[in-house]
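**Student:** One structure follows; several queries about it will come next.
The values are calculated or read from the model by the stated rules, or taken from the named source; none is laboratory data. Please read these numbers as outputs of a predicted model, since none were measured by experiment. Every residue, glycine among them, receives a Cβ derived from its backbone with ideal geometry; neighbour counts consider all protein chains shown.
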Amino acid sequence: MADLQAREPLIFELSRPGRGAGTQFPPRAAGSAQVPAHLRRAKAPTLPEVSELQVVRHFTRLSQMNFSIDTHFYPLGSCTMKYNPKACNSFAMLPEFLGRHPLGPEPQGFLACMYELQEMLQEITGMQSVSLTPMAGAQGEFAGVAMIRAYHRARNDAARTEIIVPQAAHGTNPATAAMCGCTVREIPCDANGDIDIDALKAAVGPATAAIMLTNPSTLGVFERKITEVARIVHEAGGLLYYDGANLNAILGKVRPGDMGFDVIHMNLHKTFSTPHGGGGPGSGAVGVGARLRPFLPIPVVGKDGARFRWLTERDLPQSIGRLSGFMGNAGVNLRAYIYMRLLGREGMVRVAQFAALNANYLLKRLQAAGFEAAYPSRRASHEFIITLKRENRLYQITAMDVAKRLLDYGFHAPTTYFPLLVPECLLIEPTETEAKEDLDRFCEAMIAIRREMETEPEKLCSAPHTMPVRRLDDVRAAKQLDLAWKPTA
Amino acid sequence: MAFIPHTADDVARMLELIGVQSIDDLFDEIPAELNAGALGVPPSLSEMEVGRLLSERAAGDGRPLNFIGAGAYEHHIPAPVWAITTRGEFYSAYTPYQAEASQGTLQLIYEYQSMMCALTSMEVSNASLYDGASALAEACLMAVRANRAVSSRRILLPRAVNPTYAQVARAIAGNQDIVFETVDFDRAAGRTLLESVQPFSGQEVTALVIQQPNFFGSLEEVDELTDWAHQNKILVIAVVNPTSLALLKPPGQWGSATGGHQGADIVCGEGQPLGVPLASGGPYFGFMATRMQYVRQMPGRIVGRTVDVEGRPGFSLTLQAREQHIRRSKATSNICTNQGLLVTAATIYMSLLGAAGLERVAAASLQRTADLVAALSRIAGVRPAFTAARFHEAVLLLDRPVAPVLAALARRGIVGGLDLAERYPELGHALLVCASETKLDVDIEAYAGALADILQASRAAA
């Protein structure tokens with residue numbers, strides 16, 4: 001059973017007037033007198049007044065109320081929760097890297113790493129150019145769709161504002177299209193998870209800006225008709241956007257550029273193992289083919305002879321512009337670079353191989369235990385979907401119940417209720433860094449939970465039982481909004 | 001094999017259970033003609049070899065003495081901040097969707113939101129955005145949704161706002177037909193005058209952006225600008241430096257009730273000064289706070305305190321109906337993540353410093369910049385550009401082009417500031433400098449000595 005820290009008061013409740021972490025304070029300076037009185041703050045903000053040990057203990061204890069990759073198997077589908085090597089953090093935190101101001105003289109050592117990262121990402125994806133600037137997958141998507149729009153505009157083809165997405169697309173795809181001033185047209189998939197080609201043919205036309213695809217799709221299967229899809233969309237004058245959410249599944253096996261894609265964003269925090277950090281920072285590098293190169297977001301690292309430098313609007317006057325205050329999440333990119341150098345060409349091919357091995361093994365074991373695969377006729381990619389619709393009918397058990405009960409068994413829950421079109425689904429992604437024993441333990445927990453469905457279903461409906469809290473009242477959270485602590489006096 | 005635990009025996013047993021001969025058989029649904037072949041990337045290195053490579057490259061970049069701010073500020077970072085932030089339980093956790101197994105991250109974000117509300121004097125804060133520049137872009141989009149009194153999509157964007165922020169706002173918000181109107185700054189004072197916005201009185205305008213301190217480090221007259229905006233049904237978007245808020249009037253108290261209500265409507269900015277290293281530009285985090293009445297227009301994650309089925313307090317992500325995974329194309333933004341790890345660092349930083357410590361950091365930074373400006377201005381050919389009161393940054397005017405001077409300083413291990421020639425050509429030979437509490441007398445003397453030498457040598461050569 002999971003063994004987490006039970007409770008911890010708010011840091012504000014530890015606060016006492018006059019207490020503080022004095023060694024962290026700089027000497028008193030007269031400075032404030034130079035601020036005109038009407039622009040000065042009248043009353044100090046209510047921040048905690050606590051000792052350094054209290055701070056260390058409080059946040060250490062909070063950390064112990066979390067599941068994480070370092071402590072628990074985390075088979076969260078679509079999120080690629082693989083091991084984050086410690087070396088990536090240690091070397092990225094070398095003092096020279098940390099102390100470097102982004103607007104200072106161009107640091108050749110750091111830029112060499114970024115240049116090589118761009119080149120490796122180009123090679124892996126089959127793209128011609130890469131920009132590392134987008135700060136997360138969603139911003140990479142934004143950059144991709146903005147480039148597609150800029151491309152059509154530059155060709156005086158600005159009426160192309162429709163983005164085609166499969167029904168199973170991640171929510172960011174339609175949200176991104178809207179942010180770029182585009183509309184979304186959804187097309188269905190067939191019973192085996194492939195795109196409905198007739199629906200695609202009916203959907204494309206003079207308004208088609210692009211199709212956004214994840215391949216393998218969010219259904220955990222490879223889109224087998226991808227070459228035909230590419231031909232149909234290109235012949236209609238549209239472009240192909242590759243959502244790199246599932247790049248881990250094909251690393252070294254097949255390249256999006258070879259499949260016909262014109263632009264791709266990569267989630268470096270998934271495939272290239274930079275930390276998820278409790279929800280960020282990510283990094284959403286974008287790669288493009290020749291057609292979209294002029295529109296890349298800036299800055300991009302270029303090379304003049306032996307010297308590296310940032311390419312800016314002067315070099316790329318048609319760029320869609322800047323997306324961050326400096327050059328994106330530089331430290332995340334550095335971690336991805338270190339990871340890729342550790343793996344090298346031998347290691348990268350094994351990523352997809354062993355991710356697929358683990359996923360297909362887990363799928364087969366769960367099927368043998370009586371769980372129903374959503375696409376039983378298909379190979380799993382690096383992840384797969386179990387549907388609990390039968391269990392739901394028989395025992396009134398939901399996917400959420402199973403997810404919560406897994407926490408009691410010491411496993412982070414798989415992704416639930418995504419993709420939306422598969423009822424009561426669990427999207428399971430073990431990643432390549434998990435050992436067979438851990439997959440087996442997960443299966444045994446699922447088998448035990450299956451037994452509980454029949455014998456003590458109430459144990460599932462009321463799970464979790466061993467976490468710091470039981471199920472939370474989300475309705476109350478949204479209705480009686482309590483979003484910040486306030487002093488009572 | 002790098003990070004792959006499988007033994008040959010494991011592989012054999014797993015393949016047998018799956019019912020295939022080899023791992024490659026698992027890819028039999030991928031059309032053969034698409035096979036990638038060998039990747040043209042370098043061979044694998046051991047951790048020791050990568051460590052050597054990175055250390056050499058880092059050492060080559062050196063550790064110059066830095067006097068640039070311009071949106072990223074060097075402050076002392078207490079040792080506990082990153083020691084705790086890089087604990088695996090924070091570092092390697094995901095977005096807290098499974099609230100019961102993520103109470104640590106969730107409570108931390110709630111504490112962060114509380115601290116940001118206290119600093120800004122606003123009612124609600126989100127769990128962070130990507131960075132300060134993109135936070136302004138999101139604030140502009142949010143203002144369009146929030147300001148129902150006007151139907152235009154015009155935003156007044158002073159030139160004294162960080163020009164990169166303006167570029168980012170245009171790149172991100174420009175695709176939604178938002179028009180940015182430029183507002184000039186006063187050449188003598190180095191701030192935005194009320195007279196410059198008044199031509200927009202009575203017009204349909206969505207929002208006015210006020211950066212305090214502005215890009216030049218000058219303090220804006222935030223009260224009169226806020227009142228003018230509110231009198232004209234224009235929302236105020238405040239862009240603020242969080243360190244400065246220990247000292248400066250918080251945006252929630254800008255203006256008076258004469259304009260209808262007191263305070264900025266949306267507050268955003270760069271969170272990096274709160275315990276995040278410069279690190280070549282990221283990862284940092286953007287913050288955003290607003291009035292309760294606009295909370296449903298705010299982008300990004302928000303954590304709320306609630307109770308569990310036994311009535312015990314607990315925390316969860318809330319108001320998710322605004323977000324992309326529920327609303328899809330109708331979402332407030334496509335943003336998924338926040339910058340969780342950086343928020344972790346900032347929350348620990350603010351806890352260690354408290355209001356008293358942060359006020360000392362702010363006051364010391366202001367003082368050190370004043371000392372720097374005084375020391376440099378004593379050199380022939382150097383003078384301050386503006387008269388307005390400052391926080392911890394200032395524009396200096398040189399009697400010759402800045403770029404060669406900065407190059408000469410760099411050769412002496414000093415990053416002497418930001419050349420404004422491209423961003424503000426009308427200012428002439430303008431140099432933006434910054435000093436924080438990290439700069440000692442000896443650093444300022446070293447800079448002043450080097451600058452005096454370089455200018456003198458340049459004059460002698462001419």
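**Student:** Just wondering, is there one or more residues in the stretch A:265-281 that are basic (Lys, Arg), more than 26 Å from A:Thr71 (Cα to Cα), crowded, with 22+ Cβ neighbours inside 10 Å and within 12 Å of chain B (Cβ to nearest Cβ)?
**Tutor:** No, that holds for no residue.
**Student:** Mind checking which residues of the stretch A:162-187 are at the interface with chain B (Cβ under 7 Å from one of its Cβ atoms) and of a type in the set (A, V, I, L, M, F, W, C)?
**Tutor:** Once the filter is applied, which keeps residues that are at the interface with chain B (Cβ under 7 Å from one of its Cβ atoms) and of a type in the set (A, V, I, L, M, F, W, C), the stretch A:162-187 yields A:Ala175, A:Ala177, A:Ala178, A:Met179, A:Cys180, A:Val184.
**Student:** Six or more apart or on different chains, Cβ under 7 Å: which pairs go from a residue in the stretch B:135-155 that's surrounded by fewer than 24 Cβ atoms within 10 Å (Cβ to Cβ) to one that's part of a strand (DSSP E or B) and among the acidic types (Asp, Glu)? Could you list them?
**Tutor:** Between residues of the stretch B:135-155 that are surrounded by fewer than 24 Cβ atoms within 10 Å (Cβ to Cβ) and residues that are part of a strand (DSSP E or B) and among the acidic types (Asp, Glu), the close pairs are B:Arg154/B:Glu181.
**Student:** Among the candidates A:Ala143, A:Ala159, which residue alone is in a loop (DSSP other than H, G, I, E, B), closer than 28 Å to A:Glu223 by Cβ and in contact with a Pro (Cβ under 8 Å, 6 or more places away or on another chain)?
**Tutor:** Only one candidate passes the filter, namely A:Ala159.
**Student:** With the structure loaded, tell me whether B:Arg57 is at the interface with another protein chain (Cβ under 8 Å from one of its Cβ atoms), charged (D, E, K, R), part of a loop (DSSP other than H, G, I, E, B) and within 34 Å of the chain's Cα centre (by Cα) or whether it fails that test.
**Tutor:** no
**Student:** When the residues of the stretch B:368-403 are filtered to those that are of a type in the set (Val, Ile, Thr) and not in a loop (DSSP other than H, G, I, E, B), which remaining residue is nearest to the other protein chains (Cβ to nearest Cβ)?
**Tutor:** That would be B:Thr369.
One line per residue, one yes/no per condition, for (1) in the same structural domain as A:Arg309 (by TED's automatic domain parsing); (2) closer than 30 Å to B:Arg52 by Cβ; (3) assigned to a loop (DSSP other than H, G, I, E, B):
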site	(1), (2), (3)
A:Gln5	no, no, yes
A:Phe12	no, no, no
A:His38	no, no, no
A:Leu53	no, no, no
A:Phe73	no, no, yes
A:Cys79	no, no, yes
A:His101	yes, yes, yes
A:Phe110	yes, yes, no
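**Student:** Turning to a different aspect of this structure: Select from the stretch A:404-420 the residues that are part of a loop (DSSP other than H, G, I, E, B) and out of contact with any strand residue (DSSP E or B) (no Cβ under 8 Å at 6 or more places or on another chain) and write down the one among them that is surrounded by the fewest Cβ atoms within 10 Å (Cβ to Cβ).
**Tutor:** A:Leu420
**Student:** Provide a single number: the residues in the stretch A:45-94 that are within 30 Å of B:Ala355 (Cβ to Cβ), facing chain B (nearest Cβ under 7 Å) and of a type in the set (A, V, I, L, M, F, W, C).
**Tutor:** Looking only at that region, the number is 7.
**Student:** So, A:Arg41, is that one in contact with a strand residue (DSSP E or B) (Cβ under 7 Å, 6 or more places away or on another chain), of a type outside the set (Val, Ile, Thr) and crowded, with 18+ Cβ neighbours inside 10 Å or not?
**Tutor:** Judged against the criteria, A:Arg41 is a match.
**Student:** Report, by residue number, each residue of the stretch A:65-93 that is over 24 Å from A:Phe354 (Cα atoms) and in contact with a Gly (Cβ under 7 Å, 6 or more places away or on another chain).
**Tutor:** Selection gives A:Met65, A:Asn66, A:Phe91, A:Ala92.
**Student:** Let me ask something additional. Limited to the stretch A:232-252, what total is found for residues that are part of a helix (DSSP H, G or I) and within 13 Å of chain B (Cβ to nearest Cβ)?
**Tutor:** Matching residues across the stretch A:232-252 total 3.
**Student:** Hey, among the residues in the stretch A:95-132 that are among the aliphatic types (A, V, I, L, M) and within 7 Å of chain B (Cβ to nearest Cβ), which one's surrounded by the most Cβ atoms within 10 Å (Cβ to Cβ)?
**Tutor:** My answer is A:Ile124.
**Student:** Could you tell me which numbered condition A:Ile11 fails, if it satisfies all but one of (1) crowded, with 21+ Cβ neighbours inside 10 Å; (2) more than 7 Å from chain B (Cβ to nearest Cβ); (3) among the β-branched types (Val, Ile, Thr)?
**Tutor:** (2)
**Student:** Name the single residue that is farthest from the other protein chains (Cβ to nearest Cβ) among those in the stretch A:452-470 being without any contact (Cβ under 8 Å) to a residue 24 or more places away in the chain and within 33 Å of the chain's Cα centre (by Cα).
**Tutor:** Here the answer is A:Ser462.
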